[in-house]
Structures are given as C-alpha cells and as structure tokens.
Amino acid sequence: MGSAAEFFQHLMNGLTLGGIYALIALGYTMVYGILKFINFAHGDILMVGSYIGLFVYNAIRGQILGFWTIIAFFLSMLVGMVFSAVLGIAIERIAYKPLRKATRLAPLLSAIGVSFILSNLAAWMWGTKSKKLEYPFNNAPLHIGGVAITPHQILILVVVIVMMVALKLFIDRSRMGKAMRATSLDQDTAKLMGVKVDRIIALTFAIGSALAATAGFLIALEIKVYPSMGTMTGLKAFVAAVVGGIGNISGAMVGGILLGLIETFGVALIGIPYGLRDTIAFAVLIIILLVKPEGLLGKAEKEKV
Amino acid sequence: MILLETKQLTRAYGGVIAVSKVDFEVEQGLITGLIGPNGAGKTTLFNNITGLDVPTSGTVHYKGKEITGKSAHSICRMGVARTFQNIRLFKELTVLENVMVGRHFKVGTSPTKGRFGSVLKSFISLGNEEFEMKKEALHWLDFFELGELSDELAKNLPYGHQRELEIARALATEPSLLFLDEPAAGMNPQETEHLMSTIRRIRALGITVVLIEHDMKLVMNICDTITVLNYGQNIAQGTPKEIKRNPLVIEAYLGKEDE
Amino acid sequence: MLNFVLLIFIYSGIYALMAMGQNVITGYVGLLSLCQAGFFAIGSYATAILSVTYGWNFWLTIPIAGVLAALSGVLIGLPTLRLKGDYLAIATLGFGEIVRNILNNWDSLTRGPMGIQRIPMATVFGLKISPYEKWGFLVMVWIFVLVGYLFFRHLARSRMGRALEAIREDEIAASSMGINTTKYKVWAFALGAFAAGVAGSLQAVFTLSVSPGTFTFMVSIMVLCMVVLGGMGNFLAVILGAFLIQFISYFPQLVGLSNIIPPQFKQVLFGLILVVMMIWRPQGILGRAPRMTLNPKKKQPKDSDGGEK
C-alpha cells in the first residue's frame, strides 16, 4: 500500500460504493424478512426507477448549472422513487400475492419472470443503448489532504445516510414500523393482533423499491442508464444482504458497506484484475455461506420440527 | 439393558436453554413415555437424539456407541426411527411410495459400502430391487391395514391414517428404537384406543418405543416407564404409578391439567 | 421454410437435453438452479478446445464435456446445497456470469470474445454429419435426446428418483428416513450439469464455432421456461416444453415477420410464461408424470372417508 492518502482514497471509494449496495440490499432484506423469498425483480425495479428519473430530469432541468438544476435533480429522483414504489406494489399484487400459499419455488420463478419482463420491456421501449444522466453540478473532484473526493461521492454519502437514518427511525419508532417488525416475526400472530398484513407487505415493497430507485438514480450519474443496469448491481446487493444476515435491516447496511470496501480494496490492494471485479462478490457469498450462513448480524434459524 | 442414554445433554439457543443437563435413559424392550408441559423441551430432546439438531453439550449413546452430533440419516441407518409432531409425510407421493422411501437405504447399500457401485448396480437391476421394496413396503402397510390405500397420494389420506402412515414409514427402516412425537395428537378416543393397541403390537415386534404424549390416559396405560421434563430439566422418572404420586410432577405438570 | 422447421427441431433437441437436466434439479429435487447456460458453455468450449486445439475426435470430447460440466456443478453445489434453496439460485446465477466472465478473459485458452471458429464436423464411420445437411444432424441430436430420456426416466423410477422427490417434499423427513440428502442433491446437480454439458458439445458441432455471447442468462431462462411450461417432474413434458419455446423463439422468422417483431418480444413472452404458469398452472401443460401404482386398473381410488373398519 502506498500512502495514507491512498488508503483514504480507497476508503472513500469503498464507502460510496458500499452505501449504494446497502440501499439496494435493504429492499432484498426487507422483503425476505416478511415473505421469505428473494425478489429477483428488485434490480429491474431499480432500473425502471432510474429511467423514469432520467426522463423527468431531462424534461425539467435548465441549461445552466445552478440551484434549480439541483432541485430538479432531487425532484426527478423523487418521481423515480414514487414510480418504483408503485411498480413494486403492483408487482407484488399481480405476481407474488397469488403465490403466498404456493410452493417455495413458485414465487421465485414468478419473480424471475417479472425481472425478465421488465428488463426486456425496457430494452424494447427505450432501446439497449445506455443514456447519459448529466451531473446537476460541476463534478470536478475536491482535493482534501491528498484525497480526491467528487461532489458525486458526497451526494451519495449524504443521501445514503439520510435514507438509512430515516428508515431506521421509521422502523424502530413508528406504528407502521412496529407492525412491519411484528409481521416479519410472525405473520399469523401479527394478523391476529390487528395488523393489516397485506398493507404492511405492500408498504415493504414500496419502501424497498423506492430505496432501490434512489440508488439507481445516484449511480446512473456515473454508469449511465441502460436496461440491464440493475442486474449485476442487484446481485451484488443481494450478496451484501446475505453477508449482513438476510432479513436483518442493520445487517443489510453493514453488509453493503462491507462489500463495497472489500470490492474496492480487493482491486486496489490484492490486485484482483478489474475485469474479474464482479467475481469478488460471489467469492464473498460462497465464503460467508460456508463460514457463517446466517450472516454477520443474522440469527441462526432452525426450521421447526 | 440400556439401549439409549443421554448424559448431561444441553441445548441452548442463544440465551434460551431448551434442554438443560438432561440424563435420559431408554431401557430396551420397554415403552418409555416422555411428558411435560408445553415448551418443556421434549421435542428438542428428540431432535438432539435423532440428529436433526446438535446438542450444545452433553452426549448421546446408543447401543453403547456415542452418536452425539451424527447426521440424521446415519442415526436412522443405525436403527433409530422417528415420527414428527406435525406430520411430515411426502405429500405428493403415494402411500406406498412413502413407505418405500423408508426402505431406501435397506437396498443397494450393502455392507461393502460401495457407494458408486451400489448406485450403479441398483440402477441396472431396477426391476428386482423395486419388487423387493414394494413387497416390504406393502408388508408394513398391511400392519396398519392401509394396504387398500397404497395408491392414494399421502396428502389425500384422512388425518388418522396420515399418523399411521408416518409410523409405517418409520417402521420400514427396521428400527430397534422408535421415537413417536405426539402420536395421538388430534385423534378421537376410538382412534387413540386403536393407536394404543398398535403401539403394543410394535413392542411385540421387539422394537423399543419412546413417545411424547399429552394424552395422560394413553401414557399411563401403555408406558412402562415415564420421564418428566419441566423447563428443560429432567424432574422425575419412574413407573406410571410413581409418577402419578410424585409431588414435583403434580406441581409442575399434572396440577395444571384437568386430570 | 423447411429449413427453419428443421432448425427448430435441432435446437429443440439440444435444449431438450438441457431441460431434462434442469428437470432433475428443479422438477425432482425442487431446487432452483439458474446456470444451465454456464454448464452448456463449459460443454461447448470443452468440445471446441479439444477438437480444434488438440485435434480430438468429437465423440471423445462428449464425455469430457459432460464430466467437466458435472464437476463444476459439484463445485458450485457443495457449498450451497447444504443450505436453503434460495441461496442456490443466487449462487448459480452468479456462477453462470462468472463462466462468461472467464470465457471472455482467458484469452490463451478461449480466445476471449472472438471465440473459437472452424470446429471440425462430427463424423460417423467416416461419414460427416454436416450441420448444413440438417436431416442428418437432426437425427443425431434426437438420438441423444432419446438416450437421455430413457436414462432419466429410468432414474426417475428407481429408488434414487424417489429419494430425490422425498427430498423435495420434505428434506427433514427424508433425512430421518436414512437418506443422505446432501449426497443426493449433489448427484442431481451433477447429472443436470452433465446433460447440459453434452448439449453444449452438440451445439459446438452444430454451429461449428463458439463464442461467449451465446451463453447468456437468457439461455438459462429459456431452459427454465421449458421445464415450467411443459411440466416439472415430467421428462416427456419437458421435451414438449423445449419444442414450444424454440417454436416461439423462431416464430417471427418462420412467418417472415422478424423485421417487425423486435427480439425482445419473445423474451418478454418467456417472462410472462413464467409468471402466468406459476399463477394459473404451476404443474405445467402436462403436469407431473403419473405416479407409480400397484393397481393400474383402478386408477383413482376415491378418498376413503375415515376408519379402516
């Protein structure tokens, strides 16, 4: 390793990447916590949200960078979030809800189907070429003690922290949040206690999808918007959720940050070829499944006999 | 002779201790009852003996050999079979097939332990092997007078028959020791009566039976010896008469019942 | 026109092999594996590399292709199969992508994105089975399908098949009946991969070239669709599924509308098939294979309503 500055540079890069993973991982983990299945379409919901945000932004942003552009950016992100939330709820209603009592395999297969429909519809309607999302500010890096930090990274960190704190407060403090936790612990009992389980599930999908759309819109500044943008990012975020302990909300946050750091430092320090960067996440997945399958913060859960 | 015993068997889930330092003995040839209030750790004890769960500490010995922490399938192959509290049949398989699964490891896996060889051999001599398995399986169905229903899907059987089928499936593995987890749960008095005679017939085959049961009439009637668990601890053991008189048991358990 | 019909049949056969493999894993053991494309790729590249670089005869490369695929199946299966099924789906999905990643980057062996061209044709008794003479190739492929079908059907009716189904129905109960569930799951996984590897071999001598672009996630989804559409747990149904999905795939070309219908159309359709089948007909068009019965004559004995007296 080189200097301390270099270390902090990688740390910064890893943290921003990890923050993104964490935002997406939250959606996987919340859905898994309640419905015990992997929402394969999560990454594609992210993609759709990013497209919508992009379209809105291109329509309303002005020509000159300025305060309005930043407002327009956040406004577009919000529209993308809302659209994704509605999409998430709709997908749950149409493709997952009828399968709640079916075999374990059924919702998984249905989710894969939904994922395939979304990504290909997007390619059909909006083309396979990636679309650029313009920065709402001048993204020239700021140099702080030899560490180059882009305004983009700061934006990501701020948004991620705000979202996470808000989510944590919502789940720990609000009535709906409590109902959500109750539902994930024991759906039947929650129902008996007067929790409207269907509404909680819809809310879970809405929140998870909105967070994914946020993450998508934020990374779109760098990686652009294209139909399969959610696939690999989504997969890795899922790995992050498993690392943290699937079903565990704090775990998703920790797992996301950790995976971001591992990936960044893996390329920078261990010298894993950049082309094989995506492989790191899966190596991490296999290792965690072998060593601690319940994840870092998850509880070992035995099937009731 | 002691067929199976646990020594200081403990199972803790995080801070919750489900089974605590339990010494439990099963005498060969007897019917042993395991009773105790809900949550006393009876099923957990079963699971830790039959390999579905691994004890936090303590040991399990079967026929003098330690089997602590062995996998469920190898414990079954040593002659320990079980049923489940919430019936776990192979629902989409037929009644006959359910029992044939119990015969699975009896064919092909000869003492030579040739793994690939046995798979290959059984693959070639399919007809013979299947015929033998069917014959054996039918024998166990007839034991329960379920032969007529052999082609039904297991899920279509009425509740009482499902319980019986589960026992038939376990017996098909030719166990020396059979664990029954609440075999009479959900049965009406006639069915329970019938079950009691079945359990006696199983003992007559030379099979040692251990059962968890809440139906006190059944337990007191057919068990030779009873062990009582409360809060994960073994608080008493003895003959039904002794247990009925034991003040600890009355306080912990029977006092709360309508008995 | 006839050309397209033959093409559909050839691809139906190649994919039917893969789908039968998927059926062992998904239909029988109830596990969701999403990397038939990866095993397919391994088989294809094994044949391509062995025959082009080392001059091997096609027939000798087939077992190697199958075994290599099976071994990689075991490799990915061992760590994940002990755990809950959901992880397997993700791990296999990742594995499929990693295979493509490696094919793209391991230039010295795979020639990277360019792929390997000029694969020698398969021969029988000195007779070339040219992919341009589609009839001959079609016959060869379907002989493979027939052999595969007989093998898998036999497997399904043996005690191993029953053990696999028992694991699907209730893994805990199966292990308590003396079945080594991990061993059987790994076996099923290896067999499924083997079938895909052999299919890959056939693909290589049909297209006479291989490149990483062929083995996308879409291939795995198509195979999954074939199993779901035809009927999980029924090898004959799965072959039907393979044909139907290939027919849908080539339908635009068949009717000469490939200019109007975009390629994404069929993919959206595949996605829809998965969702719609799960909701309305999870057992597939044909449903599970009929169960073995003792008295085939009185097929559906009525539910007896209680009491054996």
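Taken together, the values in this text are just the output of simple stated rules run on the coordinates, not laboratory data. All values derive from a computational prediction rather than experimental measurement. Cβ sites come from the backbone with ideal geometry, for glycine too, and all protein chains shown count toward neighbours.
Each of A:Leu290, A:Leu99 has some number of other Cβ atoms within 10 Å of its Cβ, and from fewest to most they run A:Leu290, A:Leu99. Each part gets one Cα centre, and for region A:171-243 versus region B:61-99 those centres are 39 Å apart.
With a simple spin-label model that places each label point 7 Å from the Cα along the Cα-to-Cβ direction, the separation between B:Glu132 and A:Leu157 comes to 7.1 nm.
In terms of overall dimensions, the C-alpha atoms belonging to region A:161-264 reach 46, 26, 23 Å along their principal axes, ordered largest to smallest. Extents of chain B, largest first, come to 62, 41, 34 Å (Cα atoms, principal axes, whole angstrom). Taking the fewest neighbouring Cβ atoms within 10 Å as the starting point, the ordered list for A:Ile201, A:Ile154 is A:Ile154, A:Ile201.
Ignoring GluC sites (Glu not before Pro) that are buried or in helix or strand per DSSP, and keeping those with at most 15 other beta carbon atoms within 10 Å, what is the longest stretch of chain C between them? Segment C:134-307 is the longest.
On a per residue basis, the convex hull of the C-alpha atoms belonging to region C:50-184 measures out at 153 Å³.
Roughly speaking, what is the centre-to-centre gap between region C:60-92 and region A:11-85 when only Cα atoms are used, to the nearest Å? Centre-to-centre distance over Cα atoms comes out at 35 Å. Among the listed pairs B:Lys106/C:Lys183; A:Lys101/B:Lys135; A:Lys101/C:Lys185, a Cα-Cα separation exceeding 27 Å is found for A:Lys101/B:Lys135.
Straight-line reach from B:Lys217: taking Cα to Cα under 17 Å and skipping same-chain neighbours fewer than 8 places apart, the aspartates and glutamates in range are B:Asp181, B:Glu182, B:Glu191, B:Glu193, B:Glu242, B:Glu257, B:Asp258, B:Glu259.
Residue by residue along C:150-163, Cβ atoms of other protein chains within 10 Å of the local Cβ number 4 on average. Largest mean-square fluctuation among A:Lys129, A:Lys101, A:Lys191, in a Gaussian network model of chain A whose springs join Cα atoms under 10 Å apart, belongs to A:Lys101.
Compactness ratio for region C:50-110: Cα radius of gyration over 2.2 N^0.38 Å (N = residue count) comes to 1.38.
Neighbour counting of Cβ atoms within 10 Å sorts the residues A:Val114, C:Val99, A:Val239, fewest neighbours leading, into C:Val99, A:Val114, A:Val239.
Could you work out which residue, out of C:Ile49, C:Ile172, C:Ile221, moves most in a Gaussian network model of chain C, that is, has the largest mean-square fluctuation with Cα springs under 10 Å? Answer for the Gaussian network model of chain C: C:Ile172. Over all alpha-carbon pairs in the protein assembly as shown, figure out the percentage whose distance exceeds 48 Å. Here the long-distance tail beyond 48 Å is 30 percent of all Cα pairs in the protein assembly as shown. The value obtained for region C:2-280, namely the Cα convex hull volume divided by the number of residues, is 128 Å³ per residue.
Charging the Cβ of each Asp and Glu at -1 and of each Lys and Arg at +1, and nothing else, the dipole of region A:23-227 about its Cα centre rounds to 500 debye.
Database remark: amide H of B:Phe84 closer than 5 angstrom to the amide H of B:Asp181 (H placed geometrically; neighbours at sequence offset of 5 or more, or on other chains; Pro and chain starts carry no H).
To the nearest 500 deg cm²/dmol, what mean residue ellipticity at 222 nm is calculated for chain A from DSSP H runs of n ≥ 4 alone, each contributing -39,500 (n - 2.57), summed and divided by the residues?
Working: 11 runs with 213 residues, N = 305.
That comes out to -24000 deg cm²/dmol.
Normalising the Debye intensity of region A:67-155 to I(0), with uniform scatterers on Cα atoms only, and taking log10 at q = 0.17 Å⁻¹ returns -0.91. With all projection directions averaged, the alpha carbon convex hull of region A:224-305 covers 6.8 nm². Rounded to the nearest Hz, the phi-derived 3J(HN,Hα) couplings of region C:244-256 under the Karplus curve 6.51 cos²θ - 1.76 cosθ + 1.60 (θ = phi - 60°) are 4, 5, 5, 4, 4, 4, 9, 4, x, 5, 4, 9, x, where x marks glycine and proline. Beyond 26 Å, the tail of the calculated P(r) for region A:23-227 holds 39 percent of the Cα pairs.
Beta bridges assigned by DSSP with both partners in the protein assembly as shown are antiparallel in approximately 65 percent of cases.
Would you mind checking the pairs A:Lys191/B:Lys42; B:Lys21/B:Lys65; A:Lys299/B:Lys244; A:Lys132/A:Lys178; B:Lys7/B:Lys91 and listing those with alpha carbons more than 31 angstrom apart?
Numbers: A:Lys191/B:Lys42 29 Å; B:Lys21/B:Lys65 19 Å; A:Lys299/B:Lys244 40 Å; A:Lys132/A:Lys178 40 Å; B:Lys7/B:Lys91 36 Å.
The pairs that break the limit, which is 31 Å between Cα atoms, are A:Lys299/B:Lys244; A:Lys132/A:Lys178; B:Lys7/B:Lys91.
Would you kindly give the portion of the calculated P(r) for region B:121-248 that falls above 17 Å, as a percent of all Cα pairs? Pairs farther apart than 17 Å: 65 percent. Taking amide hydrogens as placed 1.01 Å from N in the peptide plane, the amide H of C:Ala122 sits under 5 Å from those of C:Ile129, each at least 5 positions away in sequence or on another chain. Among the residues of A:280-286, the average count of other protein chain beta-carbon atoms within 10 Å of the residue beta-carbon is 4.
A simple charge model with +1 on the Cβ of Lys and Arg, -1 on the Cβ of Asp and Glu and nothing else charged puts the dipole of the protein assembly as shown at about 1140 debye relative to its Cα centre.
If eta is 1.002 mPa s and T is 20 °C, what Stokes-Einstein diffusion coefficient results for region B:164-206, Kirkwood Rh from Cα pairs, in µm²/s?
Details: Rh = 11.0 Å.
It diffuses with D of about 195 µm²/s by this estimate.
For region C:1-80, the alpha-carbon coordinates run over 41, 36, 15 Å along the three principal axes, in decreasing order.
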